[in-house]
1. Arranged from highest to lowest average of other beta-carbon atoms within 10 Å per residue, in what order do the peptides 85-95, 6-16, 36-46, 22-32 appear?
2. Which entry in [x] 14.0, 48; [y] 16.6, 56; [z] 17.7, 71 matches Rg and Dmax of the Cα atoms in Å derived from the coordinates of this structure?
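Nothing in this text is a laboratory measurement; each read-out follows from the coordinates by a stated rule. Remember, predicted model here, so these are calculated numbers, not experimental data. Quick reminder, even Gly has a Cβ in these numbers, built from the backbone with ideal geometry, and neighbours come from all protein chains shown.
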Amino acid sequence: MASFAEVNPVTGVEQWVDGTDDNRLQVHYRQDVEPVLDVCRAERNDGLTDYGIKQDLWLYARIPPTVILKLKYEYGVDIFKRDDLKKAFEIINRDFPYLKCTEKTHALRN
């Protein structure tokens, strides 16, 4: 059974640790992302983030820390590496569309 280790007061990410039968330590992360989803939904529905597209400024998605970890460890994508951004956009569009702040679709050109 996992035991609570700590919580980041800024992001709300909880860290839980768990020992396994083979003497390994597992670390689990949890976060209530509902507030982020509510903001994304409001921005998407009202088109609030679409105003800057013509000025090359566009908030495409809000990605919580736990999803950043999921992208990295389950999909092998680091959103902070430029070379991974194309794949990150594809995954967000396909698997995490509720994180998008717009109804538009973005894709990087090669």
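1. Numbers: 85-95: 16.2, 6-16: 12.9, 36-46: 14.5, 22-32: 10.6.
With the highest mean Cβ count within 10 Å placed first, the list reads 85-95, 36-46, 6-16, 22-32.
2. Only one listed value fits the structure, namely [y].
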